[in-house]
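Note sheet for the following structure.
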Amino acid sequence: MDKKIRALSVGAVLWDVIGDQEYIGGAPYNVAVNLKKLGAESMFVTRVGNDERGDRAVEEMRRCGVGTDFVQRDPVFPTGVALATLDGAGNASYEIPHASFDEICLTEKDINALNAFAPDVVCFGSFEQRCEKSRLAVRSVLERVRAKTVFFDVNIRMGFCEREVFDFCFRHTDVLKLNEDECALLSSLLYGEKMEPAAFGKKTIAEYGVSVVLVTLGAAGCFVCTEKAQASVPTEPVKSADTIGAGDAFSGAFLYAYLSGKDPVSAAKCGNALGAYVAQRTGALPAFDEEIVARLEKMTASED
């Protein structure tokens, strides 16, 4: 591509605490880093505490090349932590106390500067909207920052699932990603009945004007739904170390391929490849080796 993809992510950065180890994470942050690793120009809107974890978070963003112009420091609330517990299959459950990312706020000057950045894609999630202040900040971005594509990664945590929030977000979304459990939950919440991915995708596109619905299916790959087509996209079998960050890796690779001109199914194959790679490694943001880089470059290359 002649022009670099410009990606704007909004939401939480936090530290996943697994035993005595800490790994930087938060779904929107993970997507921002993965997009940067794949070649995009990546900017991040978040808020961290005036504490040691906040210092480390900003340092990590800069090390990864993610833009920090819109990283705020909170004088009261600490940098976020996710206290993770893994089950026998490597799946994580979390306890996430109130933190600085719940206090994101955007001024008129910030909105103007975000528009000056001119993002090709805005990426956001649901969990960061559990508190009013950050919810309003996300809404300001969705309503007032211009972008060709808006990507909504549903990340239901700790039972936060308010109908009004999801209704608003769906109405401002071009590409929607969620997992199989979230599909069942949101179809009941929004449509009054539990739906399979195909029916949910079709209904959501018709009701909200979403362009692409992606339902991730873990080891089975993902389901892709557009107005004209539906497809199951399998993934290669892998031995999982833990699933932390695999969905965010899928998001980053899908978006990079999609914004590079690939159709949704081809882009989903890229997402599956990077998601499987991350699932085989510990932590949300393992380094990319030469093999996965070359594979993704081949998959996203222009056919012209």
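Some observations on this one:
- Set side by side, the residues ASN50, ASN112 differ, and just one is over 24 Å from LEU176 (Cα atoms), surrounded by 13 or more Cβ atoms within 10 Å (Cβ to Cβ), of a type in the set (S, T, N, Q) and out of contact with any Leu (no Cβ under 9 Å at 6 or more places or on another chain), which is ASN50.
- When LEU217, LEU185, LEU255 are checked against the criterion of being crowded, with 20+ Cβ neighbours inside 10 Å and either of a type in the set (A, V, I, L, M) or over 22 Å from ALA276 (Cβ atoms) (or both), LEU255 stands alone in meeting it.
- Within the stretch 26-37, the set of residues being surrounded by fewer than 24 Cβ atoms within 10 Å (Cβ to Cβ) and either at pLDDT below 95 or in contact with a Phe, Trp or Tyr (Cβ under 8 Å, 6 or more places away or on another chain) (or both) comprises LYS37 only.
- Where strands (runs of 3 or more DSSP E) fall entirely within the stretch 1-79, those with at least 3 residues that are in contact with a Pro (Cβ under 6 Å, 6 or more places away or on another chain) and under 25 Å from CYS169 (Cα atoms) are at 6-10.
- Here LEU83 qualifies as assigned to a strand (DSSP E or B), out of contact with any Gly (no Cβ under 9 Å at 6 or more places or on another chain) and over 26 Å from LEU38 (Cβ atoms).
- The single condition among (1) surrounded by fewer than 20 Cβ atoms within 10 Å (Cβ to Cβ); (2) small (Gly, Ala, Ser); (3) within 20 Å of the chain's Cα centre (by Cα) that SER232 does not satisfy is (3).
- Here is the figure for the stretch 236-260: residues that are touching a Gly at 6+ places or on another chain (Cβ under 9 Å) and under 24 Å from ILE18 (Cβ atoms) total 14.
- Filter result for VAL215 (under 20 Å from ILE18 (Cβ atoms) and among the aliphatic types (A, V, I, L, M)): no
- The lone exception for PRO197 - which of (1) within 25 Å of ALA147 (Cβ to Cβ); (2) surrounded by 20 or more Cβ atoms within 10 Å (Cβ to Cβ) it fails: (1)
- Taking the stretch 278-304 as the range and being of a type outside the set (A, V, I, L, M), more than 17 Å from the chain's Cα centre (by Cα) and under 24 Å from ALA84 (Cβ atoms) as the test, the residues that pass are GLN280, ARG281, THR282, PHE288.
The values are calculated or read from the model by the stated rules, or taken from the named source; none is laboratory data. None of the values given here were measured: they were computed from a predicted structure. Every residue, glycine among them, receives a Cβ derived from its backbone with ideal geometry; neighbour counts consider all protein chains shown.
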